[in-house]
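The values are calculated or read from the model by the stated rules, or taken from the named source; none is laboratory data. All of these numbers come straight from a predicted model, not from anything done at the bench. Methodologically, a virtual Cβ is constructed for each residue, glycine included, from the backbone with ideal geometry; neighbour enumeration extends over all protein chains shown.
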Amino acid sequence: MNKYFKAQSWCLENNIKIYIVPIQFKKECFIEIFDNGRLIRSPKKYKDQSLASDKMWELYLYLYNKKQGNDTKNKSLQN
């Protein structure tokens with residue numbers, strides 16, 4: 001299984017959701033993270049949804065590793 005899909009699956013099972021929030025009448029968007037009732041909005045605006053989608057996958061992997069206590073620089077999920 002792809003490491004990003006595995007990380008996303010784990011996050012969803014643990015009530016962590018990451019999604020894109022479009023800005024009305026613009027191509028720009030934000031990313032929001034819902035982590036067990038806590039809502040976090042990215043301070044950064046993304047130029048388009050494609051860039052935000054790439055960041056979203058990175059965040060799923062980052063949060064998976066962080067919550068599992070893994071070192072994100074030296075460890076990753078097996079494909």
Single unsatisfied condition, residue 66 versus (1) touching an Asp or Glu at 6+ places or on another chain (Cβ under 9 Å); (2) of a type outside the set (A, V, I, L, M); (3) at pLDDT below 95 | (1)
For the range 22-72, name all the residues that are outside any strand (DSSP E or B) and either touching a residue at least 60 places away in the same chain (Cβ under 8 Å) or farther than 23 Å from residue 3 by Cβ (or both).
-> 23, 24, 25, 26, 27, 28, 37, 43, 44, 45, 47, 48
What are the residues in the range 1-21 that are out of contact with any Phe, Trp or Tyr (no Cβ under 7 Å at 6 or more places or on another chain), of a type in the set (Phe, Trp, Tyr) and part of a helix (DSSP H, G or I), if any?
-> 5
